[in-house]
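See structure below.
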Amino acid sequence: SEGRHVGRTAYHFQPAKNWQNDPNGPLYYNGMYHFFYQYNPHGALWDIGNLSWGHSVSGDLVNWAPLDTALDPTAPFDINGCWSGSATILPGGTPAILYTGIDASNEEVQNVAFPKNPADPLLREWVKPSYNPVIALPADVPGDKFRDPSTAWLGRDGLWRIAVSAEVSGVASTLVYRSADFLRWERNAAPLHSSRAAGMVECPDLFPVKQHGKDGLDTSANGPGVSHVLKLSVMDTLQDYYMVGRYDDAADTFVPAEPGRGDDVRNWRRFDYGHVYASKSFFDARKNRRVLWSWANESDSQADDVARGWSGVQTVPRKLWLDKDGKQLRQWPIEEIETLRRKRVGLRRDTMLNAGAMNEIVGVAGSQADVEVAFKIPSLEGAEALDPNWLLDPQKLCGEKGASVPGGVGPFGLIVMASGDLQEHTAVFFRVFRHHDDYKLLMCTDLTKSSTRAGVYKPPYGGFVDIDIKEHKVIKLRTLIDHSVVESYGAEGRACITARVYPEHAQTSNSHLFVFNNGTGTVKVTKLEAWELATATVNVGDEGFIVS
Ligand code: DQQ
(Lines give C-alpha, C1' and ligand atoms only; values in the text may rest on other atoms or scores of the structure.)
Protein backbone atom coordinates (compact mmCIF):
# COMPACT_ATOMS: atom_id res chain seq x y z
CA SER A 1 0.00 0.00 0.00
CA GLU A 2 1.00 3.65 -0.41
CA GLY A 3 1.24 4.27 3.30
CA ARG A 4 3.98 1.70 3.75
CA HIS A 5 6.35 3.75 1.60
CA VAL A 6 6.08 7.05 3.42
CA GLY A 7 9.57 7.75 4.72
CA ARG A 8 10.84 4.35 3.66
CA THR A 9 14.56 4.50 3.05
CA ALA A 10 16.25 3.66 -0.24
CA TYR A 11 19.67 2.55 0.97
CA HIS A 12 19.53 2.27 4.76
CA PHE A 13 19.00 -1.24 6.10
CA GLN A 14 15.38 -2.10 6.80
CA PRO A 15 13.47 -5.38 6.78
CA ALA A 16 10.60 -5.51 4.27
CA LYS A 17 8.15 -4.82 7.06
CA ASN A 18 7.63 -4.89 10.84
CA TRP A 19 9.69 -3.73 13.77
CA GLN A 20 13.46 -3.80 14.01
CA ASN A 21 15.78 -2.54 16.72
CA ASP A 22 19.34 -3.47 17.75
CA PRO A 23 21.91 -4.72 15.26
CA ASN A 24 22.89 -8.26 16.27
CA GLY A 25 25.80 -10.52 15.39
CA PRO A 26 27.18 -8.83 12.25
CA LEU A 27 29.79 -11.06 10.64
CA TYR A 28 31.72 -11.84 7.49
CA TYR A 29 31.87 -15.52 6.57
CA ASN A 30 32.91 -17.30 3.39
CA GLY A 31 32.59 -14.27 1.15
CA MET A 32 29.26 -13.18 2.55
CA TYR A 33 28.19 -10.54 5.03
CA HIS A 34 25.53 -11.50 7.54
CA PHE A 35 23.42 -9.06 9.43
CA PHE A 36 21.00 -10.01 12.19
CA TYR A 37 18.71 -7.67 14.03
CA GLN A 38 16.12 -7.54 16.77
CA TYR A 39 12.91 -8.21 14.90
CA ASN A 40 9.25 -8.57 15.74
CA PRO A 41 7.82 -10.78 12.95
CA HIS A 42 4.28 -10.00 14.10
CA GLY A 43 4.07 -6.26 13.84
CA ALA A 44 5.51 -2.78 13.66
CA LEU A 45 6.05 -2.26 17.39
CA TRP A 46 8.57 -3.66 19.88
CA ASP A 47 6.96 -6.54 21.69
CA ILE A 48 8.77 -7.72 24.77
CA GLY A 49 7.92 -11.39 24.36
CA ASN A 50 8.06 -11.67 20.59
CA LEU A 51 11.58 -10.78 19.56
CA SER A 52 13.35 -12.89 16.98
CA TRP A 53 16.62 -12.46 15.16
CA GLY A 54 15.93 -11.22 11.64
CA HIS A 55 18.61 -12.27 9.17
CA SER A 56 19.84 -10.87 5.85
CA VAL A 57 22.89 -11.53 3.70
CA SER A 58 24.89 -9.33 1.39
CA GLY A 59 27.92 -9.39 -0.84
CA ASP A 60 28.70 -5.72 -0.39
CA LEU A 61 27.01 -4.40 2.80
CA VAL A 62 24.72 -2.30 0.58
CA ASN A 63 22.37 -4.72 -1.19
CA TRP A 64 20.68 -7.23 1.09
CA ALA A 65 18.61 -10.37 0.61
CA PRO A 66 16.24 -11.42 3.38
CA LEU A 67 16.36 -14.90 4.87
CA ASP A 68 14.13 -16.60 7.40
CA THR A 69 14.60 -15.54 11.00
CA ALA A 70 17.72 -17.11 12.51
CA LEU A 71 16.49 -17.35 16.11
CA ASP A 72 12.94 -17.47 17.39
CA PRO A 73 11.60 -17.75 20.94
CA THR A 74 10.80 -21.46 20.94
CA ALA A 75 12.88 -23.10 23.71
CA PRO A 76 12.50 -22.94 27.51
CA PHE A 77 15.67 -20.81 27.67
CA ASP A 78 14.33 -18.16 25.25
CA ILE A 79 10.57 -18.72 25.08
CA ASN A 80 9.92 -15.10 26.04
CA GLY A 81 12.28 -13.53 23.55
CA CYS A 82 15.58 -13.82 21.70
CA TRP A 83 17.29 -10.58 22.64
CA SER A 84 20.52 -8.99 21.57
CA GLY A 85 23.84 -10.71 21.14
CA SER A 86 26.90 -11.09 18.97
CA ALA A 87 28.73 -13.45 16.66
CA THR A 88 32.24 -14.81 17.03
CA ILE A 89 34.28 -16.68 14.43
CA LEU A 90 35.70 -19.75 16.18
CA PRO A 91 39.10 -21.25 15.31
CA GLY A 92 38.51 -23.28 12.18
CA GLY A 93 36.27 -20.53 10.88
CA THR A 94 32.81 -21.55 12.08
CA PRO A 95 30.71 -18.78 13.56
CA ALA A 96 28.92 -19.01 16.89
CA ILE A 97 26.20 -16.75 18.24
CA LEU A 98 25.80 -15.77 21.86
CA TYR A 99 22.52 -14.07 22.67
CA THR A 100 20.23 -13.27 25.56
CA GLY A 101 17.16 -15.42 26.02
CA ILE A 102 14.22 -14.45 28.16
CA ASP A 103 13.48 -17.81 29.71
CA ALA A 104 10.28 -19.47 30.87
CA SER A 105 10.50 -17.75 34.26
CA ASN A 106 11.09 -14.40 32.55
CA GLU A 107 14.73 -14.24 33.51
CA GLU A 108 17.55 -13.13 31.26
CA VAL A 109 20.10 -15.85 30.48
CA GLN A 110 22.87 -16.21 27.89
CA ASN A 111 22.55 -18.84 25.17
CA VAL A 112 24.67 -20.14 22.37
CA ALA A 113 23.64 -21.08 18.81
CA PHE A 114 25.57 -22.64 15.92
CA PRO A 115 24.94 -22.95 12.19
CA LYS A 116 23.13 -26.17 11.39
CA ASN A 117 25.25 -26.54 8.26
CA PRO A 118 28.47 -24.50 8.21
CA ALA A 119 28.84 -25.41 4.52
CA ASP A 120 25.68 -23.45 3.69
CA PRO A 121 27.04 -20.12 2.43
CA LEU A 122 23.89 -18.41 3.65
CA LEU A 123 23.96 -19.95 7.15
CA ARG A 124 20.20 -20.19 6.91
CA GLU A 125 19.50 -22.40 9.90
CA TRP A 126 20.79 -22.00 13.43
CA VAL A 127 20.69 -24.66 16.12
CA LYS A 128 20.17 -23.81 19.76
CA PRO A 129 21.62 -26.76 21.74
CA SER A 130 19.35 -28.08 24.47
CA TYR A 131 22.11 -27.61 27.07
CA ASN A 132 21.39 -23.86 26.99
CA PRO A 133 21.57 -21.55 28.82
CA VAL A 134 25.35 -21.49 28.92
CA ILE A 135 25.25 -18.68 31.48
CA ALA A 136 22.46 -18.71 34.05
CA LEU A 137 21.29 -15.66 35.92
CA PRO A 138 23.75 -14.88 38.76
CA ALA A 139 22.33 -14.65 42.28
CA ASP A 140 23.33 -10.98 42.71
CA VAL A 141 21.71 -9.80 39.46
CA PRO A 142 17.97 -9.09 39.02
CA GLY A 143 16.21 -11.21 36.41
CA ASP A 144 15.62 -8.28 34.09
CA LYS A 145 19.14 -6.85 34.17
CA PHE A 146 21.53 -9.36 32.62
CA ARG A 147 22.02 -9.21 28.90
CA ASP A 148 23.68 -8.53 25.55
CA PRO A 149 26.81 -10.71 25.31
CA SER A 150 29.55 -9.17 23.16
CA THR A 151 31.64 -10.78 20.47
CA ALA A 152 34.18 -13.02 22.24
CA TRP A 153 37.91 -12.36 22.15
CA LEU A 154 40.81 -14.66 22.99
CA GLY A 155 43.31 -13.79 25.69
CA ARG A 156 46.93 -14.88 25.56
CA ASP A 157 46.03 -17.64 28.01
CA GLY A 158 43.91 -19.20 25.29
CA LEU A 159 40.64 -18.50 27.08
CA TRP A 160 37.68 -16.79 25.46
CA ARG A 161 36.22 -13.70 27.09
CA ILE A 162 32.91 -11.98 26.60
CA ALA A 163 31.43 -8.84 28.12
CA VAL A 164 27.84 -8.92 29.41
CA SER A 165 25.80 -6.06 30.86
CA ALA A 166 24.36 -6.54 34.34
CA GLU A 167 23.20 -4.65 37.34
CA VAL A 168 25.11 -6.13 40.27
CA SER A 169 23.73 -5.21 43.69
CA GLY A 170 22.31 -2.06 42.18
CA VAL A 171 25.48 -1.07 40.30
CA ALA A 172 25.53 -0.91 36.48
CA SER A 173 28.35 -3.26 35.51
CA THR A 174 30.05 -4.73 32.49
CA LEU A 175 30.91 -8.28 33.51
CA VAL A 176 33.55 -10.45 31.91
CA TYR A 177 33.13 -14.20 31.55
CA ARG A 178 35.90 -16.59 30.51
CA SER A 179 35.68 -19.93 28.82
CA ALA A 180 38.00 -22.56 27.37
CA ASP A 181 35.35 -24.24 25.21
CA PHE A 182 32.69 -21.57 24.55
CA LEU A 183 30.24 -23.66 26.58
CA ARG A 184 31.32 -23.41 30.21
CA TRP A 185 31.71 -19.78 31.21
CA GLU A 186 33.11 -18.46 34.45
CA ARG A 187 32.56 -14.95 35.73
CA ASN A 188 35.51 -12.75 36.69
CA ALA A 189 35.25 -11.41 40.22
CA ALA A 190 35.84 -7.83 39.06
CA PRO A 191 33.78 -6.21 36.29
CA LEU A 192 35.50 -4.53 33.36
CA HIS A 193 33.61 -1.35 34.19
CA SER A 194 31.04 -0.30 36.75
CA SER A 195 29.39 2.91 37.81
CA ARG A 196 26.73 3.87 40.29
CA ALA A 197 25.98 7.01 38.37
CA ALA A 198 24.19 6.09 35.19
CA GLY A 199 21.86 3.14 35.81
CA MET A 200 21.68 0.04 33.64
CA VAL A 201 23.85 -0.11 30.55
CA GLU A 202 23.26 -2.38 27.56
CA CYS A 203 25.00 -3.81 24.52
CA PRO A 204 28.66 -3.65 25.61
CA ASP A 205 31.28 -3.73 22.87
CA LEU A 206 35.02 -4.04 23.51
CA PHE A 207 37.25 -3.97 20.46
CA PRO A 208 40.83 -3.18 19.49
CA VAL A 209 41.88 -0.29 17.26
CA LYS A 210 45.25 0.46 15.71
CA GLN A 211 47.06 3.42 17.16
CA HIS A 212 48.17 4.36 13.66
CA GLY A 213 46.25 4.03 10.45
CA LYS A 214 42.71 3.22 9.48
CA ASP A 215 42.84 -0.57 9.25
CA GLY A 216 40.72 -2.61 11.58
CA LEU A 217 41.73 -5.47 13.82
CA ASP A 218 40.29 -8.84 14.68
CA THR A 219 38.51 -8.63 18.02
CA SER A 220 41.19 -10.78 19.70
CA ALA A 221 44.11 -8.56 18.58
CA ASN A 222 46.21 -6.98 21.31
CA GLY A 223 49.78 -5.90 21.98
CA PRO A 224 52.02 -2.99 20.99
CA GLY A 225 50.40 -0.37 18.82
CA VAL A 226 46.91 -1.46 19.84
CA SER A 227 44.38 0.51 21.90
CA HIS A 228 40.92 -0.65 22.88
CA VAL A 229 37.50 0.92 22.79
CA LEU A 230 34.80 0.21 25.36
CA LYS A 231 31.35 1.20 24.15
CA LEU A 232 28.25 1.09 26.32
CA SER A 233 24.62 1.96 25.61
CA VAL A 234 23.03 3.87 28.48
CA MET A 235 19.31 3.20 29.03
CA ASP A 236 18.87 6.40 30.95
CA THR A 237 19.70 8.64 27.97
CA LEU A 238 19.23 6.11 25.15
CA GLN A 239 22.67 7.09 23.89
CA ASP A 240 25.86 5.21 23.07
CA TYR A 241 29.12 6.33 24.63
CA TYR A 242 32.69 5.16 24.23
CA MET A 243 36.08 5.47 25.84
CA VAL A 244 39.44 4.64 24.34
CA GLY A 245 41.85 2.93 26.70
CA ARG A 246 44.24 0.13 27.42
CA TYR A 247 42.82 -3.33 27.86
CA ASP A 248 45.04 -5.77 29.75
CA ASP A 249 44.08 -9.35 28.95
CA ALA A 250 46.01 -10.81 31.90
CA ALA A 251 43.97 -8.93 34.47
CA ASP A 252 40.93 -8.20 32.29
CA THR A 253 41.10 -4.53 33.14
CA PHE A 254 40.39 -1.47 31.05
CA VAL A 255 42.29 1.73 31.83
CA PRO A 256 40.69 4.80 30.20
CA ALA A 257 42.81 7.11 28.08
CA GLU A 258 40.76 9.97 29.48
CA PRO A 259 40.38 9.25 33.19
CA GLY A 260 39.20 12.82 33.69
CA ARG A 261 35.85 11.86 32.20
CA GLY A 262 35.23 9.63 35.20
CA ASP A 263 33.32 6.39 35.36
CA ASP A 264 29.93 7.94 34.57
CA VAL A 265 29.54 6.76 31.01
CA ARG A 266 27.35 9.76 30.18
CA ASN A 267 30.51 11.89 30.26
CA TRP A 268 32.32 9.72 27.73
CA ARG A 269 32.49 10.44 24.03
CA ARG A 270 29.62 9.83 21.65
CA PHE A 271 29.53 8.03 18.33
CA ASP A 272 26.64 10.13 17.24
CA TYR A 273 24.88 13.19 18.63
CA GLY A 274 21.59 12.23 17.05
CA HIS A 275 19.05 9.49 17.31
CA VAL A 276 20.94 6.17 17.39
CA TYR A 277 21.35 3.42 19.96
CA ALA A 278 22.62 -0.08 20.67
CA SER A 279 25.47 0.06 18.17
CA LYS A 280 27.65 -2.94 17.47
CA SER A 281 30.89 -3.31 15.54
CA PHE A 282 32.53 -6.22 13.77
CA PHE A 283 35.85 -6.94 12.10
CA ASP A 284 35.45 -7.15 8.34
CA ALA A 285 38.24 -9.51 7.29
CA ARG A 286 37.40 -8.94 3.64
CA LYS A 287 38.43 -5.31 3.69
CA ASN A 288 40.49 -5.32 6.85
CA ARG A 289 38.40 -2.74 8.61
CA ARG A 290 36.17 -2.38 11.66
CA VAL A 291 32.57 -1.61 10.78
CA LEU A 292 29.94 -0.13 13.08
CA TRP A 293 26.18 -0.63 12.86
CA SER A 294 23.62 1.37 14.88
CA TRP A 295 19.88 1.37 15.20
CA ALA A 296 17.97 4.59 14.45
CA ASN A 297 14.45 4.40 15.79
CA GLU A 298 11.46 6.27 14.40
CA SER A 299 10.67 9.68 15.90
CA ASP A 300 7.02 9.88 15.00
CA SER A 301 4.17 8.16 16.82
CA GLN A 302 3.47 4.48 17.35
CA ALA A 303 0.20 4.99 15.46
CA ASP A 304 2.30 6.14 12.49
CA ASP A 305 4.49 3.05 12.80
CA VAL A 306 1.48 0.77 12.81
CA ALA A 307 -0.06 2.57 9.83
CA ARG A 308 3.17 2.22 7.87
CA GLY A 309 3.68 -1.35 8.95
CA TRP A 310 7.35 -0.90 9.81
CA SER A 311 9.61 0.82 12.25
CA GLY A 312 13.35 1.35 12.67
CA VAL A 313 16.35 1.61 10.35
CA GLN A 314 20.07 1.00 10.70
CA THR A 315 22.63 3.70 10.03
CA VAL A 316 24.83 3.19 7.02
CA PRO A 317 27.62 0.79 8.07
CA ARG A 318 30.55 2.94 9.12
CA LYS A 319 34.24 2.27 8.93
CA LEU A 320 35.77 3.24 12.23
CA TRP A 321 39.35 4.00 13.29
CA LEU A 322 41.28 5.83 15.98
CA ASP A 323 42.22 9.45 15.41
CA LYS A 324 45.87 10.45 15.76
CA ASP A 325 44.99 12.05 19.10
CA GLY A 326 44.53 8.57 20.59
CA LYS A 327 41.23 9.59 22.16
CA GLN A 328 38.54 10.01 19.57
CA LEU A 329 37.22 7.66 16.93
CA ARG A 330 36.67 8.70 13.36
CA GLN A 331 33.80 7.29 11.32
CA TRP A 332 33.06 7.23 7.63
CA PRO A 333 30.38 5.52 5.51
CA ILE A 334 31.77 2.31 4.04
CA GLU A 335 33.12 3.03 0.57
CA GLU A 336 30.63 0.63 -1.04
CA ILE A 337 27.90 3.25 -0.56
CA GLU A 338 29.62 5.19 -3.33
CA THR A 339 28.62 2.47 -5.81
CA LEU A 340 25.12 3.93 -5.55
CA ARG A 341 26.27 7.35 -6.76
CA ARG A 342 24.62 8.26 -10.04
CA LYS A 343 24.05 11.76 -11.30
CA ARG A 344 26.60 14.20 -9.95
CA VAL A 345 26.34 17.94 -9.66
CA GLY A 346 28.76 20.45 -8.19
CA LEU A 347 29.26 24.06 -7.30
CA ARG A 348 31.92 26.09 -8.97
CA ARG A 349 35.15 25.65 -7.01
CA ASP A 350 35.79 28.44 -4.52
CA THR A 351 32.27 29.81 -4.48
CA MET A 352 32.14 32.62 -1.95
CA LEU A 353 29.23 32.53 0.46
CA ASN A 354 28.63 35.98 1.86
CA ALA A 355 26.44 36.78 4.84
CA GLY A 356 22.96 35.44 4.23
CA ALA A 357 23.93 33.39 1.16
CA MET A 358 21.73 30.48 0.26
CA ASN A 359 22.62 28.65 -2.97
CA GLU A 360 20.39 25.92 -4.23
CA ILE A 361 22.03 22.72 -5.44
CA VAL A 362 19.88 21.68 -8.35
CA GLY A 363 19.88 18.58 -10.48
CA VAL A 364 19.77 15.76 -7.95
CA ALA A 365 16.79 14.28 -6.13
CA GLY A 366 17.01 16.01 -2.77
CA SER A 367 15.51 13.11 -0.87
CA GLN A 368 18.04 10.49 -1.96
CA ALA A 369 21.45 12.08 -2.10
CA ASP A 370 25.02 12.10 -0.89
CA VAL A 371 26.52 15.55 -0.42
CA GLU A 372 30.14 16.40 0.30
CA VAL A 373 31.10 19.99 0.95
CA ALA A 374 34.23 21.74 2.19
CA PHE A 375 34.04 25.18 3.82
CA LYS A 376 37.11 27.33 4.11
CA ILE A 377 37.07 29.92 6.84
CA PRO A 378 39.16 32.89 5.70
CA SER A 379 39.20 34.50 9.13
CA LEU A 380 38.24 33.49 12.65
CA GLU A 381 38.18 37.08 13.77
CA GLY A 382 34.45 37.58 13.98
CA ALA A 383 33.78 34.44 16.03
CA GLU A 384 31.25 34.96 18.80
CA ALA A 385 32.46 34.62 22.37
CA LEU A 386 31.43 31.39 24.05
CA ASP A 387 29.49 31.52 27.27
CA PRO A 388 31.15 28.74 29.34
CA ASN A 389 27.71 27.44 30.33
CA TRP A 390 27.13 26.53 26.72
CA LEU A 391 29.92 23.97 26.87
CA LEU A 392 27.71 21.79 29.01
CA ASP A 393 24.77 21.64 26.67
CA PRO A 394 25.64 21.83 22.97
CA GLN A 395 22.22 20.51 22.04
CA LYS A 396 20.54 23.44 23.77
CA LEU A 397 23.00 25.78 22.10
CA CYS A 398 22.03 24.37 18.70
CA GLY A 399 18.44 25.20 19.59
CA GLU A 400 19.12 28.74 20.76
CA LYS A 401 21.52 29.52 17.97
CA GLY A 402 19.82 27.82 15.05
CA ALA A 403 20.56 28.19 11.37
CA SER A 404 18.44 31.35 11.15
CA VAL A 405 20.28 33.12 13.97
CA PRO A 406 23.14 35.07 12.35
CA GLY A 407 26.56 34.64 13.91
CA GLY A 408 30.13 35.74 13.33
CA VAL A 409 31.76 32.64 11.88
CA GLY A 410 28.77 30.58 10.84
CA PRO A 411 26.23 29.21 10.98
CA PHE A 412 27.13 27.68 7.62
CA GLY A 413 26.19 24.32 6.24
CA LEU A 414 23.45 22.54 4.35
CA ILE A 415 19.70 22.92 4.26
CA VAL A 416 18.23 19.55 3.29
CA MET A 417 14.79 18.04 2.78
CA ALA A 418 13.38 21.51 2.17
CA SER A 419 9.94 22.19 0.72
CA GLY A 420 9.69 24.67 -2.14
CA ASP A 421 8.43 27.36 0.22
CA LEU A 422 11.06 26.48 2.85
CA GLN A 423 8.32 25.98 5.44
CA GLU A 424 9.88 22.61 6.00
CA HIS A 425 13.64 22.16 6.13
CA THR A 426 16.37 20.47 8.12
CA ALA A 427 19.56 22.42 8.76
CA VAL A 428 22.94 20.74 9.22
CA PHE A 429 25.51 23.36 10.13
CA PHE A 430 28.61 24.53 11.94
CA ARG A 431 29.28 27.57 14.08
CA VAL A 432 32.61 28.69 15.46
CA PHE A 433 32.93 30.25 18.91
CA ARG A 434 35.87 32.00 20.50
CA HIS A 435 36.79 30.46 23.82
CA HIS A 436 39.60 32.31 25.64
CA ASP A 437 42.53 32.18 23.20
CA ASP A 438 41.05 29.24 21.42
CA TYR A 439 38.03 28.27 19.36
CA LYS A 440 35.23 25.75 19.61
CA LEU A 441 33.46 24.24 16.66
CA LEU A 442 29.80 23.37 17.14
CA MET A 443 27.99 21.00 14.80
CA CYS A 444 24.19 20.88 14.73
CA THR A 445 21.32 19.18 12.99
CA ASP A 446 18.24 21.23 13.68
CA LEU A 447 14.95 19.40 13.22
CA THR A 448 12.66 22.05 14.63
CA LYS A 449 11.49 23.01 11.11
CA SER A 450 11.88 19.56 9.59
CA SER A 451 8.16 18.88 9.40
CA THR A 452 5.00 20.90 9.77
CA ARG A 453 3.41 17.86 11.36
CA ALA A 454 2.65 17.88 15.06
CA GLY A 455 3.41 14.88 17.24
CA VAL A 456 6.84 14.30 15.75
CA TYR A 457 10.03 14.55 17.84
CA LYS A 458 11.84 17.52 16.30
CA PRO A 459 14.73 18.48 18.56
CA PRO A 460 17.92 20.30 17.72
CA TYR A 461 20.86 17.87 17.95
CA GLY A 462 24.44 18.89 18.41
CA GLY A 463 27.89 18.46 19.79
CA PHE A 464 31.26 20.14 19.87
CA VAL A 465 33.70 18.80 17.34
CA ASP A 466 37.08 17.82 18.76
CA ILE A 467 39.32 19.54 16.23
CA ASP A 468 41.95 22.28 16.33
CA ILE A 469 40.27 24.81 14.15
CA LYS A 470 43.30 27.10 14.00
CA GLU A 471 45.05 24.30 12.15
CA HIS A 472 42.08 23.07 10.13
CA LYS A 473 40.75 26.12 8.38
CA VAL A 474 38.73 23.84 6.12
CA ILE A 475 35.69 22.21 7.70
CA LYS A 476 34.14 19.36 5.78
CA LEU A 477 30.65 17.99 5.92
CA ARG A 478 29.17 14.91 4.34
CA THR A 479 25.43 14.33 4.58
CA LEU A 480 23.57 11.24 3.45
CA ILE A 481 19.94 12.01 2.78
CA ASP A 482 17.53 9.09 2.53
CA HIS A 483 13.87 10.13 2.75
CA SER A 484 13.42 9.94 6.52
CA VAL A 485 17.13 9.82 7.42
CA VAL A 486 19.63 12.70 7.51
CA GLU A 487 22.98 11.21 8.50
CA SER A 488 25.85 13.66 8.74
CA TYR A 489 29.61 13.31 9.18
CA GLY A 490 31.35 16.46 10.35
CA ALA A 491 35.03 17.36 10.12
CA GLU A 492 36.01 14.14 8.34
CA GLY A 493 34.15 11.85 10.65
CA ARG A 494 35.00 13.46 13.98
CA ALA A 495 31.37 14.13 14.82
CA CYS A 496 28.27 12.40 13.47
CA ILE A 497 24.62 13.30 13.76
CA THR A 498 21.87 10.97 12.59
CA ALA A 499 18.34 12.33 12.50
CA ARG A 500 14.94 11.00 11.46
CA VAL A 501 12.71 13.44 9.59
CA TYR A 502 9.08 13.28 8.44
CA PRO A 503 8.43 16.22 6.12
CA GLU A 504 4.88 16.47 4.82
CA HIS A 505 5.93 17.90 1.45
CA ALA A 506 7.90 14.76 0.58
CA GLN A 507 4.65 12.86 0.06
CA THR A 508 3.68 15.04 -2.88
CA SER A 509 6.66 17.05 -4.07
CA ASN A 510 10.44 17.18 -4.40
CA SER A 511 12.83 18.12 -1.66
CA HIS A 512 15.31 20.92 -2.20
CA LEU A 513 18.92 21.17 -1.18
CA PHE A 514 20.91 24.31 -0.36
CA VAL A 515 24.28 25.37 0.91
CA PHE A 516 24.13 28.45 3.15
CA ASN A 517 26.04 30.87 5.27
CA ASN A 518 24.34 32.94 7.89
CA GLY A 519 27.45 34.35 9.53
CA THR A 520 28.66 37.89 8.98
CA GLY A 521 32.02 36.56 7.85
CA THR A 522 32.33 35.17 4.33
CA VAL A 523 33.09 31.47 3.92
CA LYS A 524 34.42 29.89 0.80
CA VAL A 525 33.05 26.60 -0.52
CA THR A 526 36.27 25.09 -1.84
CA LYS A 527 34.42 22.00 -3.02
CA LEU A 528 30.87 20.79 -3.24
CA GLU A 529 29.72 17.60 -4.86
CA ALA A 530 26.28 16.08 -4.65
CA TRP A 531 25.20 12.77 -6.05
CA GLU A 532 21.81 11.32 -6.51
CA LEU A 533 21.94 7.83 -5.05
CA ALA A 534 20.37 4.79 -6.65
CA THR A 535 17.95 2.71 -4.65
CA ALA A 536 19.77 -0.28 -3.20
CA THR A 537 18.20 -3.71 -3.12
CA VAL A 538 17.37 -3.94 0.56
CA ASN A 539 15.30 -6.93 1.59
CA VAL A 540 12.82 -6.55 -1.23
CA GLY A 541 12.97 -10.17 -2.31
CA ASP A 542 15.66 -12.46 -3.58
CA GLU A 543 15.31 -11.83 -7.31
CA GLY A 544 18.59 -10.87 -8.83
CA PHE A 545 20.58 -11.85 -5.78
CA ILE A 546 23.53 -13.92 -6.89
CA VAL A 547 25.24 -16.23 -4.46
CA SER A 548 28.88 -16.32 -5.48
N1 DQQ B 1 17.26 -4.18 23.18
C2 DQQ B 1 17.31 -5.62 23.31
C3 DQQ B 1 18.07 -5.89 24.54
C4 DQQ B 1 18.93 -4.69 24.66
C5 DQQ B 1 18.04 -3.58 24.22
C6 DQQ B 1 15.93 -6.16 23.32
C7 DQQ B 1 18.75 -2.38 23.72
O8 DQQ B 1 18.81 -7.09 24.47
O9 DQQ B 1 19.41 -4.53 25.94
O10 DQQ B 1 15.27 -5.90 22.11
O11 DQQ B 1 18.00 -1.64 22.81
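The table for this structure:
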{"item": "From phi via Karplus (6.51, -1.76, 1.60), per-residue ³J(HN,Hα) for segment 280-291 in Hz, x at Gly/Pro", "result": "8, 10, 8, 8, 9, 5, 5, 10, 6, 9, 9, 10"}
{"item": "Those Cys residues of the chain for which no other cysteine Cβ falls under 4.7 Å", "result": "Cys82, Cys203, Cys496"}
{"item": "Derived scalar couplings ³J(HN,Hα) [segment 312-321; Karplus, 6.51 cos²θ - 1.76 cosθ + 1.60; whole Hz; x for Gly, Pro]", "result": "x, 10, 9, 4, 4, x, 10, 6, 9, 8"}
{"item": "Dipole of the chain [Lys/Arg +1, Asp/Glu -1 at C-beta], most positive-end residue of His228, Phe412, Ala197", "result": "Phe412"}
{"item": "Length released on extending from Ser169 to His436, taking residue separation times 0.36 nm less the Cα-Cα span", "result": "91.7 nm"}
{"item": "Label-point separation, Val255 to Arg453 (7 Å along Cα→Cβ), nm", "result": "5.2 nm"}
{"item": "Lysines whose Cα lies under 24 Å from that of Lys231, excluding same-chain neighbours fewer than 8 positions away", "result": "Lys145, Lys210, Lys214, Lys280, Lys287, Lys319, Lys324, Lys327"}
{"item": "Accessible-area composition of segment 341-533, carbon plus sulfur, in percent [1.4 Å probe]", "result": "47 percent"}
{"item": "Within segment 341-533: Cβ-based charge dipole about Cα centre, in debye rounded to nearest 20 (Lys, Arg +1; Asp, Glu -1)", "result": "420 debye"}
{"item": "Label-to-label distance, nm, for residues given as Val474 and Asp248 (7 Å Cα→Cβ offset)", "result": "4.4 nm"}
{"item": "Under the Karplus curve 6.51 cos²θ - 1.76 cosθ + 1.60, θ = phi - 60°, whole-Hz ³J(HN,Hα) for segment 95-112, x wherever Gly or Pro sits", "result": "x, 10, 10, 10, 8, 8, x, 9, 7, 5, 9, 6, 10, 7, 9, 10, 10, 10"}
{"item": "CD proxy at 222 nm, helix term only [per DSSP H run n ≥ 4: -39500 (n - 2.57); per residue of the chain; nearest 500]", "result": "-500 deg cm²/dmol"}
{"item": "Segments 35-48, 387-400 sorted - mean Cβ within 10 Å per residue, highest first", "result": "35-48, 387-400"}
{"item": "Stretch gain in nm, segment Lys287-Asp264, where the contour uses 0.36 nm per residue and the Cα spacing is subtracted", "result": "4.8 nm"}
{"item": "Distant-in-sequence amide H partners of Ala357 (H built 1.01 Å from N, under 5 Å)", "result": "Asn517"}
{"item": "Alpha-carbon centroid distance for the pair segment 288-341 / segment 98-157, whole angstrom", "result": "25 Å"}
{"item": "Normalised contact order of segment 341-533, rounded percent, pairs of Cα under 8 Å and 6 or more residues apart", "result": "41 percent"}
{"item": "Within segment 355-413: Cβ-based charge dipole about Cα centre, in debye rounded to nearest 20 (Lys, Arg +1; Asp, Glu -1)", "result": "40 debye"}
{"item": "Alpha carbon centroid spacing (whole Å) that separates segment 388-421 from segment 1-54", "result": "33 Å"}
{"item": "Amide proton proximity set for Asn18, modelled H, under 5 Å, gap of 5+", "result": "Trp310, Ser311"}
{"item": "FRET efficiency for Asp387 and His212, using Cβ-Cβ distance with R0 set to 35 Å, rounded to 0.05", "result": "0.40"}
{"item": "Packing-based order for 430-439, 218-227, using average beta carbon neighbours within 10 Å, highest first", "result": "430-439, 218-227"}
{"item": "Per-pair calculated FRET efficiency, R0 = 51 Å: Ala119 and Thr237 via Cβ, rounded to 0.05", "result": "0.70"}
{"item": "Residues of the chain: accessible area per residue with a 1.4 Å probe, Å²", "result": "37 Å²"}
{"item": "FRET efficiency estimate (nearest 0.05) - Cβ-Cβ, Val540 to Arg184, R0 45 angstrom", "result": "0.55"}
{"item": "Amide hydrogen neighbours beyond the local backbone of Leu329, cut-off 5 Å, H modeled", "result": "Asp323"}
{"item": "Distance from segment 502-533 to segment 169-230 (C-alpha centre basis), Å", "result": "41 Å"}
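The values are calculated or read from the model by the stated rules, or taken from the named source; none is laboratory data. This is a predicted model, so every value here is computed, not measured. Please note: Cβ atoms are built from the backbone with ideal geometry, for glycine as well, and neighbour counts cover all protein chains shown. Each accessible area value is taken on the protein alone, full model and side chains, heavy atoms only, with ligands, DNA and RNA left out. Shrake-Rupley method; radii C 1.70, N 1.55, O 1.52, S 1.80 Å.
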